[in-house]
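For reference, the structure discussed in these notes is given below.
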Amino acid sequence: MENFFSKIVELWTTPEYIDSLFHGFLLTIEIAFFAVFLGFLLGLIIALIETGKSKWLNPFKFICRVYVTIIRGTPMALQLFIMFFIIFAIRDFPQIITAVLAFAFNSAAYSSEIIRGGILSVDVGQTEAGMALGLSNFTIFTKIVAPQAIKNIIPALGNEVITVFKETAIVSMVGMYDLNMAAKDIGSGQNMASYVVPMFTAALFYLAVVYLISFVIKQIEKRMRKSDVRV
């Protein structure tokens, strides 16, 4: 136990180790942030297509359904390898862009199902009431359907954000220097010569971010519940 604490002190008092950890942590945050952002946008588009009523959307609905099925039915690690070694196997192509796109495409499939479920959870009678009042489809969606759907999907979207953030740890498998790789690098050094302390420290970084995301999601939920009460 004494050796464990001495290694912790050594890690946090060695500038080289600190730089490695924060460099890897920054890369992890960058990949997760942009992947979640792009994944949500693409997922929203897919969900809107799948819930659309127009007949001309049918071919696009089929494409979206195939896309979602393939992405949800294959491992994230396999998708990452395909993106790195097949689709974007271009010399000097930025690795971070490839990683962001891989996670964004994966997240989009799950986000689209979450958003689609939220839209379908809104009582169809409210849409019909809006149509009876002569409101346009756009107004009905933005003023009636979307606000209620958002309240229903926030917890699930929060879980998706957490999942994407944690899954970014696999980018170390393709040689990217994320938080996970930084911990491995420190643990394999001659001075540290143990994976326990750096891996434990990396776990605390992940845990702290997950707790922060969960806290923010709960605060948003509380605010929305208050608005329901006022109504």
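Every number here is computed from the coordinates shown, using simple stated rules; none is lab data. Not measured: the values here are computed from a predicted model. Virtual Cβ from ideal backbone geometry, glycine too; neighbours counted across all protein chains shown.
Per-residue 3J(HN,Hα) values for segment 169-174, derived from phi via the Karplus relation 6.51 cos²θ - 1.76 cosθ + 1.60 with θ = phi - 60°, read 4, 7, 5, 5, 5, 10 Hz in sequence order (x marks Gly and Pro). If R0 is taken as 22 Å, the Cβ-Cβ distance between Ile29 and Tyr195 corresponds to a FRET efficiency of 0.45. Across segment 140-155, coupling constants 3J(HN,Hα) worked out from phi with the 6.51/-1.76/1.60 Karplus curve, θ = phi - 60°, read 4, 5, 6, 9, 10, 6, 4, x, 6, 5, 4, 4, 6, 9, 4, x Hz, and Gly and Pro carry x. Converting phi to 3J(HN,Hα) with the Karplus coefficients 6.51, -1.76 and 1.60 and the offset θ = phi - 60°, segment 126-133 yields 5, 5, 5, 5, x, 5, 5, 7 Hz in sequence order, with x at every glycine or proline.
As a quick test, which of the pairs Lys184/Lys222; Lys53/Lys226; Lys55/Lys222; Lys55/Lys143; Lys53/Lys222 have an alpha carbon distance above 30 angstrom in this structure? Result: Lys184/Lys222; Lys53/Lys226; Lys55/Lys222; Lys53/Lys222 exceed 30 Å. According to the Kirkwood relation over distinct C-alpha pairs, the hydrodynamic radius of the chain is 20.2 Å. Comparing Leu133, Leu80, Leu38 in a Gaussian network model of the chain (Cα springs below 10 Å), the most mobile by mean-square fluctuation is Leu133.
Residues whose amide H lies under 5 Å from that of Val122, counting only those 5 or more places away or on a different chain, are absent; hydrogens are built 1.01 Å from N in the peptide plane. Arg65 sits among other residues whose Cβ lies under 15 Å from its own Cβ, and their net charge, with Lys and Arg +1 and Asp and Glu -1, is +1. Per residue of the chain, the DSSP helices (runs of n ≥ 4 H) give a summed -39500 (n - 2.57) that works out to -25500 deg cm²/dmol at 222 nm.
Stretching the chain fully between Tyr67 and Glu16 yields a gain of 14.0 nm (0.36 nm per residue, less the alpha carbon separation).
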